[in-house]
Amino acid sequence: MILLALIVVTLWFVWRVYHLFAYTTHSLEDKTVLVTGACSELGRRLCLELYQQHQANVIAWDLSRLRLEELRREALTTGPNAAPGAPAGKNFFVIMNVDVTSRIQVARSIREMQSHTVQTPATAAAAAAPVSGNTSKIDIILNAAHAVPATPLQDCEDDALDRLHQTHAGTPLQLARSLVPAMLQRKSGGQYVTVVHSCMAGVAGGVRAAAPDYAATQWEAVGLHGSLQAWARQLRRQQQAPGELACTLLYLRDVALGVPGAPGPAAAADPEAPDGGEGSAKAISESDRLDWVAADAVKAIARREERYGMGLLDYVLPLGLALPSPWCARLLRCGGFAAEERLGSASGKA
């Protein structure tokens with residue numbers, strides 16, 4: 001184990017040195033980003049970071065129209081451009097009420113974007129901001145939608161399994177099939193971003209080790225990332241297209257998922273603690289941490305990194321899969337995955 005730990009640390013150091021020179025930051029200004037799962041704790045912060053800090057155009061997908069309107073209002077009335085005397089933003093923030101567990105709704109929404117028929121009703125707070133834009137030209141697809149099983153596998157209905165698969169693999173595949181070919185026809189190309197919350201699911205006691213339905217769909221997302229770039233290169237050669245597709249895998253195990261059954265920022269605080277007490281401090285700390293994770297994730301997208309993960313994941317994962325199960329479990333505990341196991345257990349009991 002000492003030798004393995006030494007190997008992991010050495011690989012991490014080599015990677016950090018390589019990382020300084022391998023990636024350059026690309027501007028996201030005026031890029032159009034489609035974000036699924038936009039109203040989750042992670043999705044909301046990604047949308048705000050892209051729109052307010054990087055001046056990107058945002059198309060936000062989520063199931064709740066009310067929460068989408070609240071998100072858009074927050075994006076347009078807070079941030080640098082909301083200061084008194086600041087010029088009105090020229091970038092658009094479009095919201096679309098889409099159920100990503102429905103193939104039919106996803107297909108219809110894609111057609112709406114491609115035909116320029118998407119328009120968000122203006123509000124008094126957002127009267128000076130664009131409410132529509134060129135939604136047919138998608139530069140970045142950001143799959144942030146996430147779902148967790150509500151019941152154990154033995155009690156799970158077929159429809160629930162289908163929804164889990166559609167969220168993590170079906171909808172991302174529909175988006176890739178429909179939007180990536182158009183990206184390749186542009187010289188600027190495009191980018192496809194996959195967010196995975198637990199690619200260690202089902203591996204030697206990782207998060208939700210006893211949820212094979214969840215583990216299977218998380219690994220589907222990882223497999224999609226691994227093969228999508230090769231498919232895009234093949235398609236580019238066949239069509240003699242000028243653009244390229246950059247693929248980024250974000251493994252954000254440190255993010256509170258912000259989905260039913262998972263502890264979010266509000267759950268981090270002790271409800272009985274007085275204002276300004278320990279509970280309030282925990283809530284503020286959790287919120288700040290989520291903001292930092294989202295900001296760092298967007299920076300990784302701007303650098304077009306192939307993989308971005310918290311801690312030593314990029315090295316723990318391949319080593320863990322090559323080891324016998326008891327060694328892998330021990331390595332995961334040494335790598336800090338025990339806390340993740342507790343998070344999965346807590347959300348499963350909620």
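The values are calculated or read from the model by the stated rules, or taken from the named source; none is laboratory data. This one's a predicted model, so the numbers in the text were calculated from it and none came from an experiment. All Cβ positions, glycine included, derive from the backbone under ideal geometry; neighbour counts span all protein chains shown.
Some values worked out for this structure:
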read-out: Helices (runs of 4 or more DSSP H) wholly inside region 1-108 that include at least 2 residues being in contact (Cβ under 8 Å) with a residue 12 or more places away in the chain, within 26 Å of Ala145 (Cβ to Cβ) and over 20 Å from the mean Cα position of the chain (by Cα); value: 65-77
read-out: Among the residues listed as Leu11, Leu42, Leu34, the single one being modelled with pLDDT under 95 and buried (at least 23 other Cβ atoms within 10 Å of the Cβ); value: Leu42
read-out: So Gly205, is it modelled with pLDDT under 50, out of contact with any Cys (no Cβ under 6 Å at 6 or more places or on another chain) and at positive phi; value: yes
read-out: Looking only at region 291-312, and only at residues there that are under 15 Å from Leu48 (Cβ atoms), in contact with a helix residue (DSSP H, G or I) (Cβ under 6 Å, 6 or more places away or on another chain) and surrounded by 18 or more Cβ atoms within 10 Å (Cβ to Cβ), the one that is modelled with the lowest pLDDT; value: Ala294
read-out: Residues of region 79-105 satisfying the condition of being farther than 12 Å from Cys47 by Cβ and modelled with pLDDT under 85; value: Pro80, Asn81, Ala82, Ala83, Pro84, Gly85, Ala86, Pro87, Ala88, Gly89, Lys90
read-out: Residue in region 106-123 that is of a type in the set (A, V, I, L, M) and modelled with pLDDT under 90 present; value: yes
